[in-house]
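A.B. asks: Quick one: this structure, given as structure tokens, is what I'll be asking you about.
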Amino acid sequence: MNLSEIAKIIYNNTLKIEITKSIYKKEIFTKNWLIDEAERNLKNVEGWYWIKTDLDLINLSKLHPENQQKKGSLFYKTAGNNKKIFHEELINKTYFYNGHAKKIVSRLRNHFYLQNDGTGALGINAYPILQNHTITVRYFTTEMIDNLKIPEIDKSVIRNLILKNIGRTAIENAWRAENGFPILCKH
């Protein structure tokens, strides 16, 4: 298998959480929220994730934040920079962000509810209009590898990749090479 094939296998085996206005709360991506609202027992382990919304990307890329933290994303600025760098055909038309993390739940929480300047993140909470739209998060974690219908040797390769930053980055970028660069990703 090459990196593109692995990225496709991983993406095709993701699970998703749909976040609607009725379950969007300040406690988003906390353990209790995951169990009570998203009906998931998502562990804070290594993984990849993809984020999209039903708000069209044109309007999403024009949004200005309300009370964004210093390290929070300025959607209009990031989208504008990416539009200058990437030809329209190179921009992903579905997902506005994809990434990876050693602790996926913590990272997703930062993207949705950024409350400090300790790390850079989307800071979706600074864009209240998004709470009126459905946001879908797809994810794949270390705990899902054993469920893959592939040979054990290939599962071993994926385990090695997911456990190291360089491996997660390689798969993240392989997916982007095949599917386009998400408009709100900075690197």
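The values are calculated or read from the model by the stated rules, or taken from the named source; none is laboratory data. Bear in mind the structure is a predicted one, so any value in this text is a computation, not a measurement. Counting neighbours? That spans all protein chains shown, and the Cβs are built from the backbone with ideal geometry, glycine included. These area figures cover heavy atoms from the full protein model, side chains too; ligands, DNA and RNA do not enter into them. Shrake-Rupley method; radii C 1.70, N 1.55, O 1.52, S 1.80 Å.
A.B. asks: Sort out which residues of the stretch 29-83 are closer than 22 Å to Asn179 by Cα and touching an Asp or Glu at 6+ places or on another chain (Cβ under 9 Å), and write them in order of number.
C.D. replies: Of everything in the stretch 29-83, those that are closer than 22 Å to Asn179 by Cα and touching an Asp or Glu at 6+ places or on another chain (Cβ under 9 Å) turn out to be Gly47, Trp48.
A.B. asks: Look through Glu39, Glu66, Glu89 and report the one residue that is outside any strand (DSSP E or B), at positive phi and open to solvent by 90 Å² or more (accessible area, probe 1.4 Å).
C.D. replies: Residue meeting the stated conditions: Glu39.
A.B. asks: Follow-up. Within the stretch 56-70, how many residues turn out to be closer than 18 Å to Phe112 by Cβ and under 17 Å from the mean Cα position of the chain (by Cα)?
C.D. replies: Residues in the stretch 56-70 being closer than 18 Å to Phe112 by Cβ and under 17 Å from the mean Cα position of the chain (by Cα): 1 in total.
A.B. asks: Moving to a separate point now. Looking at this structure, is Arg138 closer than 16 Å to Trp175 by Cβ and charged (D, E, K, R)?
C.D. replies: Taking the combined requirement at face value, the residue satisfies it.
A.B. asks: Could I ask something else about it? Thr14 passes all but one of (1) within 19 Å of Ile124 (Cα to Cα); (2) touching a Phe, Trp or Tyr at 6+ places or on another chain (Cβ under 9 Å); which number fails?
C.D. replies: (1)
Conditions (1) under 16 Å from the mean Cα position of the chain (by Cα); (2) at positive phi; (3) surrounded by 15 or more Cβ atoms within 10 Å (Cβ to Cβ); (4) not in a helix (DSSP H, G or I), marked per residue:
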| site | (1), (2), (3), (4) |
| --- | --- |
| Ile9 | no, no, yes, no |
| Ile17 | yes, no, yes, yes |
| Ser22 | no, no, no, yes |
| Phe29 | yes, yes, yes, yes |
| Trp33 | no, no, yes, no |
| Lys43 | yes, no, yes, yes |
| Trp48 | yes, no, yes, yes |
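A.B. asks: How about the stretch 100-187: which helices (runs of 4 or more DSSP H) wholly inside it have at least 2 residues that are open to solvent by 40 Å² or more (accessible area, probe 1.4 Å), touching a residue at least 60 places away in the same chain (Cβ under 8 Å) and not small (Gly, Ala, Ser)?
C.D. replies: 152-163, 165-179
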